[in-house]
Amino acid sequence: TVWTHSQGVFPLRKSIAEMLRMPDERVSCIHVEGSGCYGHNAADDAAADAALIARAFPDRPVRVQWMREQEHMWEPYGPAMLTSVKASLDGSGNIVEWEYDVMSNSHSTRPGGAGNLLPAWHLDAPFTQAVPKPIPLPEGGGDRNAIPLYKFPNARVVHRFVASMPIRVSALRALGAYMNVFSIESFMDELAQAAAADPVEFRLRHLDDARAREVISLAATRFGWSTYTKAPGRGRGFAFARYKNLGAYLAVALEVDVDRESGLARILRAVAAVDSGQAVNPDGIRNQIEGGIIQSASWTLYEQVTFDTAAITSADWSRYPMVRFPEIPESIDVHVVDRPGQPFLGTGEAAQGPTAAAIANAVASASGARIRDLPLDRKRLKAAIHV
């Protein structure tokens, strides 16, 4: 019997039984509460460690706890992604051609049997990880949200799947939607600038989805977009997406302050509008969006796995910084559009991509520097503004 904070006790049970080469019915996995997991962490690996040690020491209780450094260096990581996007505008400033290319690893390797458990790789008779496969749309993995909701006369979207990499990867909250929306919505701002158009108006002119238009207009209005006065060192940013193109609609506007000397970008306030269909629990929706904005801000401004030719080097909090309470926006205002009688729409991962793009757009507005690599940390920002 294994007590574990795994997200999937039944697939884990099957994987451990395979690793121990015993029938499934001889293994029991019982779920216990653990810390938050936004994708695929080391919970399954720690459970497999415990099972192997318990087999070596029968009739004795075994407790396995990975230390922070061990988890940072050995858990699965969010997949690498590389995007390329180009477009053409007509004489009226409308997009007439769109081309998008995304290269990415697998965004989920579970359930994967014993070959997906790190300890099973190091047995005398080791198991090997199955070759990952792409997740088909509409769910998608690396191509999740690669197809924009905007209406373009000519569009081409290509997903180039990279099956293997030297570093183990798996799911991270929102999967490919985070990077794809960041790329698409950052480029929409660049195109708006090329068309000498307001970023909000530019998005609206390329949308015929009434619900999308409503959340965009609502977020812009509640932010005070049309009356915004830019102060030195500050800028505003906007972004929109419909999660998976079939989940919740979300638009976010935010304001940042960029300290040119330190390279620090700080979010001052954020305003979001979300349409999740019929809102069964409006407070729960707000909580999901508020948390998603904060988490995405941490990814976008701070977080990065680093490595050299031998190992992961971001082994502790000093080398893997995250957002802290003093850096959280002073206000996050979430407006829920209720649609009584309409289908419920998934909301839990709707904020990640739009928040990243809105931050990048706001940083560009504040600093004059368009940064296309993540995270937008101090070093990268200072280099971009030549400080």
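The values are calculated or read from the model by the stated rules, or taken from the named source; none is laboratory data. Keep in mind the model is a prediction, meaning the values are calculated, not measured. For neighbour counting, all protein chains shown are included, and Cβ atoms are generated from backbone atoms with ideal geometry for every residue, glycine included.
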Give me the pairs, please: first residue somewhere in the stretch 325-339 and surrounded by 15 or more Cβ atoms within 10 Å (Cβ to Cβ), second residue anywhere and part of a strand (DSSP E or B) and of a type in the set (A, V, I, L, M), beta-carbon distance under 6 Å, and either six or more positions apart or on two chains.
-> Pro329/Ile267; Pro329/Ala270; Ile332/Ala270; Asp333/Val271; Val334/Ala272; His335/Ala273; Val336/Val274
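Out of Glu190, Glu303, report the one residue that is at pLDDT 95 or above, assigned to a loop (DSSP other than H, G, I, E, B) and surrounded by 15 or more Cβ atoms within 10 Å (Cβ to Cβ). It would help to see each step written out before you state the result.
On the way: Glu190 fails: assigned to a loop (DSSP other than H, G, I, E, B).
Sole residue among the options that is at pLDDT 95 or above, assigned to a loop (DSSP other than H, G, I, E, B) and surrounded by 15 or more Cβ atoms within 10 Å (Cβ to Cβ): Glu303.
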Residues of the stretch 155-187 being at pLDDT 95 or above, β-branched (Val, Ile, Thr) and not in a loop (DSSP other than H, G, I, E, B), in sequence order, are Val157, Val158, Val181, Ile184
Determine which member of the set Ala114, Ala212 is of a type outside the set (S, T, N, Q), touching a Ser or Thr at 6+ places or on another chain (Cβ under 6 Å) and at pLDDT 95 or above.
-> Ala114
Whichever residue in the stretch 4-37 is in a strand (DSSP E or B) and out of contact with any Cys (no Cβ under 8 Å at 6 or more places or on another chain) and, among such residues, is surrounded by the most Cβ atoms within 10 Å (Cβ to Cβ) = Cys29
What single numbered condition from (1) hydrophobic (A, V, I, L, M, F, W, C); (2) out of contact with any Lys or Arg (no Cβ under 9 Å at 6 or more places or on another chain); (3) closer than 24 Å to Thr83 by Cβ fails to hold for Ala358?
-> (2)
Restricting the stretch 16-40 to residues that are β-branched (Val, Ile, Thr) and in contact with a helix residue (DSSP H, G or I) (Cβ under 6 Å, 6 or more places away or on another chain), the one nearest to Thr128 (Cα to Cα) turns out to be Ile16
So Asn180 clears everything in (1) within 27 Å of Ile285 (Cβ to Cβ); (2) in the same structural domain as Arg286 (by TED's automatic domain parsing) except one condition, right? Which one?
-> (2)
Out of the stretch 38-76, which residues are under 25 Å from the mean Cα position of the chain (by Cα), in a helix (DSSP H, G or I) and buried (at least 19 other Cβ atoms within 10 Å of the Cβ)?
-> Ala43, Asp44, Asp45, Ala46, His72
Restricting attention to the stretch 280-288, does a residue exist that is among the basic types (Lys, Arg), without any contact (Cβ under 8 Å) to a residue 60 or more places away in the chain and over 26 Å from His206 (Cα atoms)?
-> yes
State whether the residues of the stretch 93-105 include one that is assigned to a loop (DSSP other than H, G, I, E, B) and out of contact with any strand residue (DSSP E or B) (no Cβ under 8 Å at 6 or more places or on another chain).
-> yes
Would you say Glu18 is farther than 29 Å from Leu172 by Cβ and of a type in the set (Asp, Glu)?
-> no
If you check Val96, Val131, Val85, which single one turns out to be surrounded by fewer than 18 Cβ atoms within 10 Å (Cβ to Cβ), of a type in the set (A, V, I, L, M) and either over 21 Å from Ala163 (Cβ atoms) or in contact with a Ser or Thr (Cβ under 6 Å, 6 or more places away or on another chain) (or both)?
-> Val96
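Surrounded by 14 or more Cβ atoms within 10 Å (Cβ to Cβ) and assigned by TED's automatic domain parsing to the domain that holds Asp257: does that describe Pro343?
no
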Verdict on Ile147 being touching a helix residue (DSSP H, G or I) at 6+ places or on another chain (Cβ under 9 Å), at pLDDT 95 or above, farther than 20 Å from Ala220 by Cβ and among the aliphatic types (A, V, I, L, M) = yes
Any idea how many residues of the stretch 306-320 are crowded, with 17+ Cβ neighbours inside 10 Å and either within 20 Å of the chain's Cα centre (by Cα) or closer than 20 Å to Ala241 by Cα (or both)?
-> 2
